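Worksheet: the structure to be examined is printed underneath.
The values are calculated or read from the model by the stated rules, or taken from the named source; none is laboratory data. For clarity, every value in this text was computed on a predicted model and none was experimentally measured. Positions of Cβ are backbone-derived with ideal geometry, glycine not excepted, and every protein chain shown enters the neighbour counts. Heads up: the accessible areas ignore ligands, DNA and RNA and are worked out on the full protein's heavy atoms, side chains in. Shrake-Rupley method; radii C 1.70, N 1.55, O 1.52, S 1.80 Å.
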Amino acid sequence: MIERAVDGVLIVGGGYAGVHTARSVRRAGRRSSIVDPSGRHDFVTRLAAVAGGTAPMTDSSAGLEEFADDVILGSVTAVRDGEVDLDDGTTLTADAIVVTAGAVPLKPPIPGIEHARPLRTEDDALNLRSAIEDHDAIVIVGGGATGVQLAGAIGAAHPAKTVTVVDGSDRLLVGMGDATGRDAERILRDRRVRLRLGDDVDEILPDGVSVAGEELVGLPIWAAGFTARADEFGLPTDDDGRVVVDRYLRVDGWTKTFAAGDIARHVTADGTELAMSAQIAVQAGEVAGRNAVRLLRGDRLDEARLAHRGWVLDLGGHRGLAEIGPVTLTAPFFDLLAPALHWAIDMKHLVETRGLAGLTDRPGA
Ligand SMILES: Cc1cc2nc3c(=O)[nH]c(=O)nc-3n(C[C@H](O)[C@H](O)[C@H](O)COP(=O)(O)OP(=O)(O)OC[C@H]3O[C@@H](n4cnc5c(N)ncnc54)[C@H](O)[C@@H]3O)c2cc1C
């Protein structure tokens, strides 16, 4: 076993929470190291557009060296307070660690689930993009934000293909307002996307999906949820496998280790659980990075005040949906604004994490 001490803050995972942790640490004048298997930051919020064919392939990632002082290539297999094990047998120790390893596609016990293509990483998106080009029909399981954005993008980029969205619920975008769900339905139907709502999937086939005994032929894609697998790392979790953190985002009962982003159970000030989203990962990463530095300095930690500000979805072809606070930006005018807003949020993320170079040297520019 090789043991290596890391100076400053050690960050596990270079996603939205990870790079915003690194930004916070840099702003506080401390050193950050990110350990990540790919060494790249995937722009997950752009992956539906990349996979569907409405955004260039170069829009999907950037090297992590742009975000942190040091990048350690490796996959973390276990986390203990103040140390992590890597898959190559190395143990990294640090006085402050922030775990931001995200989530992976859920794999419920549906027969044939292994046939469904996932969409979470840059590799997934690039593989899907070429598989979609090779198929005349596509069946997307899941009518949430990922499935709706992907269906919209495919419908916009490939109008001749048959796209079907399957969801067990009787409406799209459960978790968002009724008006937003109806708008999503309208935009997708305009694109000739078929909706098969209200019945659960019985089986995933190599070339289709069976729903209530009916076989829908097409490339099967899984967009029906993600799961954190924090228990695999030995972290204390809730029933959904998300890390339990205290109000400072420190792992419950631990002293040197924080968790932020999809891997952790985040709540608002009044205790309401927050959905997995990039905006919450960004807010939590900022707090965790700040608190990791405060811990190193022996300062009092800040309480996290995380808040859901709204949803902005890009459905490709200059159409989108937005719900900001209590306001739903609905058709016909506002759905044209939503993609611009989505783009502006992505650019803000780039500028904040990479500085102005993020704008001039941005992916796809
Ligand atoms: C297609 C799609 C579209 C989306 N669109 C939106 C949107 O428009 N708006 C929105 O708010 N949210 C959106 N989301 C959700 C959002 O992308 C996630 O909530 C966000 O990425 C969470 O950030 P994170 O840092 O927790 O995880 P991630 O961004 O997934 O980053 C996790 C990082 O951890 C690394 N990692 C994983 N395992 C290990 C390990 N064992 N050791 C070390 N590193 C590891 C990974 O390589 C990755 O870099 C979308 C999700 C998908 C899939």
query: Name the residues in the range 97-131 that are crowded, with 17+ Cβ neighbours inside 10 Å, charged (D, E, K, R) and either in contact with a strand residue (DSSP E or B) (Cβ under 6 Å, 6 or more places away or on another chain) or in a loop (DSSP other than H, G, I, E, B) (or both), would you?
result: 117, 120, 122
statement: (1) surrounded by fewer than 16 Cβ atoms within 10 Å (Cβ to Cβ); (2) at pLDDT 95 or above; (3) in contact with a Lys or Arg (Cβ under 7 Å, 6 or more places away or on another chain) all hold for residue 243 apart from (1)
Residues of the range 14-41 satisfying the condition of being open to solvent by 10 Å² or more (accessible area, probe 1.4 Å) and within 6 Å of the ligand (Cβ to nearest atom): 15, 16, 36, 37, 38
- line: (1) modelled with pLDDT under 95; (2) in contact with a helix residue (DSSP H, G or I) (Cβ under 9 Å, 6 or more places away or on another chain); (3) more than 9 Å from the ligand (Cβ to nearest atom) all hold for residue 108 apart from (2)
message: Is it the case, given these coordinates, that residue 203 is among the charged types (D, E, K, R), part of a strand (DSSP E or B) and open to solvent by 10 Å² or more (accessible area, probe 1.4 Å)?
response: yes
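Which strands (runs of 3 or more DSSP E) does the range 278-331 wholly contain that include 1 or more residues that are within 12 Å of the ligand (Cβ to nearest atom) and either out of contact with any Pro (no Cβ under 9 Å at 6 or more places or on another chain) or open to solvent by 70 Å² or more (accessible area, probe 1.4 Å) (or both)?
Of the strands (runs of 3 or more DSSP E) lying wholly inside the range 278-331, those with at least 1 residues that are within 12 Å of the ligand (Cβ to nearest atom) and either out of contact with any Pro (no Cβ under 9 Å at 6 or more places or on another chain) or open to solvent by 70 Å² or more (accessible area, probe 1.4 Å) (or both) span 310-314, 320-324.
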query: Exactly one of (1) modelled with pLDDT of 90 or more; (2) over 20 Å from the mean Cα position of the chain (by Cα) is unmet by residue 326. Its number?
result: (1)
field: So residue 78, is it open to solvent by 10 Å² or more (accessible area, probe 1.4 Å), touching a residue at least 60 places away in the same chain (Cβ under 8 Å) and part of a loop (DSSP other than H, G, I, E, B)
entry: no
